[in-house]
C-alpha cells in the first residue's frame with residue numbers, strides 16, 4: 001500500500017527553494033489563497049507548509065495581516081552571520097581532524113569546479129558548486145547536531161546573501177577562500193581550517209556596514225521603510 005504524500009511538506013520544500021533562489025524577498029507576504037491556486041491544492045496544506053516554515057524561522061506572522069517571509073533587524077542579522085561563521089569554522093576544524101580520503105578527494109574536485117565556474121563567470125554554476133563544497137564540509141565534520149544547526153543558519157542567511165556572487169570579483173574571492181580551507185584541511189591544521197572558514201563566511205569578506213549597504217531597505221525590520229514587525233520576529 002502506497003503512503004499518501006505529505007502535501008504540506010512538499011509545498012514547504014518548494015516555497016523554501018524559491019526563497020533561497022530569490023523568488024521571495026524578506027518581508028514579502030505569503031498569500032495562502034494565491035499559493036493554493038499556484039500549487040493546485042486546498043489552503044490546508046499551504047497553511048501547514050507556512051507553519052513548518054515558521055518553525056524554521058523562515059516565516060513570521062502578523063496578527064490580522066498574514067504570514068511574511070522572515071526579515072531580521074540589523075542586530076539580529078549580524079548575530080546570525082556571526083554564529084554562522086563560527087559554526088562553519090567548527091565544521092572545517094572537525095573536518096581537518098576527521099575527513100576521509102574519499103571526502104578529501106571530493107573537496108579537491110569541488111575546489112577545482114568552483115575555480116572553473118569563477119573563471120567563466122558563471123554565477124549559477126558557481127552557486128551550485130559552492131553549495132556542494134559546503135555540504136561536503138558539513139558532512140565531513142561527522143557531527144549530526146552541528147550539521148543540522150549550520151544548515152538551518154545557512155538557509156536563513158541565504159535570504160540576505162543570495163546575490164553575493166553577482167558582485168564583481170566575489171566568485172574569485174570565494175574560490176580562493178575555498179582553496180585556503182582545503183589547504184588547511186589537507187595539512188590537518190585544525191585551527192588554520194577554523195580561521196579560514198570563519199573568514200570566508202564573515203559577511204563575505206566585507207565589513208558589516210558595507211554589506212548592509214548592498215541590501216534593499218525593506219529587507220531589514222528596523223529600516224525606515226519596513227512595516228511594523230513585533231519585537232523578536
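The values are calculated or read from the model by the stated rules, or taken from the named source; none is laboratory data. Worth saying up front: this structure is predicted, and the values here are computed from it rather than measured. Counting neighbours? That spans all protein chains shown, and the Cβs are built from the backbone with ideal geometry, glycine included.
Things worth noting here:
- Residue 70 fulfils the conditions (1) in contact with a helix residue (DSSP H, G or I) (Cβ under 6 Å, 6 or more places away or on another chain); (2) under 15 Å from residue 156 (Cα atoms) except for a single criterion, (1).
- Any pair with Cβ under 8 angstrom, 6 or more apart, that starts in the stretch 133-144 at a residue that is over 14 Å from residue 179 (Cβ atoms) and ends at one that is part of a loop (DSSP other than H, G, I, E, B): 140/99; 140/100
- From the options 31, 13, residue that is over 16 Å from residue 157 (Cβ atoms) and touching a residue at least 12 places away in the same chain (Cβ under 8 Å): 31
- Of all residues in the stretch 105-127, those that are within 23 Å of residue 185 (Cβ to Cβ) have Cβ atoms under 8 Å from Cβ atoms of residues that are in a loop (DSSP other than H, G, I, E, B) and at pLDDT below 95, 6 or more apart or on another chain, in 107/99.
- Residue satisfying condition, being within 17 Å of residue 173 (Cα to Cα) and either outside the structural domain of residue 169 (by TED's automatic domain parsing) or modelled with pLDDT of 95 or more (or both), within set 92, 96, 116: 116
- Which listed residue, of 52, 20, 84, is within 20 Å of the chain's Cα centre (by Cα), surrounded by 16 or more Cβ atoms within 10 Å (Cβ to Cβ), closer than 26 Å to residue 127 by Cβ and in the same structural domain as residue 194 (by TED's automatic domain parsing): 84
- Residue match in the stretch 40-55 (condition: out of contact with any strand residue (DSSP E or B) (no Cβ under 8 Å at 6 or more places or on another chain) and within 30 Å of residue 184 (Cα to Cα)): no
- Residue among 192, 209, 204, 184 that alone is at pLDDT below 85, in the same structural domain as residue 119 (by TED's automatic domain parsing) and either over 17 Å from residue 83 (Cα atoms) or in contact with a strand residue (DSSP E or B) (Cβ under 7 Å, 6 or more places away or on another chain) (or both): 209
- For the stretch 52-64, the tally of residues that are in contact (Cβ under 8 Å) with a residue 40 or more places away in the chain and not in a strand (DSSP E or B) stands at 5.
- If the condition is being surrounded by fewer than 20 Cβ atoms within 10 Å (Cβ to Cβ) and touching a strand residue (DSSP E or B) at 6+ places or on another chain (Cβ under 8 Å), then the stretch 69-81 contributes 73, 74, 80.
- Test: residue in the stretch 151-165 that is at pLDDT 90 or above and either under 27 Å from residue 59 (Cα atoms) or assigned by TED's automatic domain parsing to the domain that holds residue 85 (or both): yes
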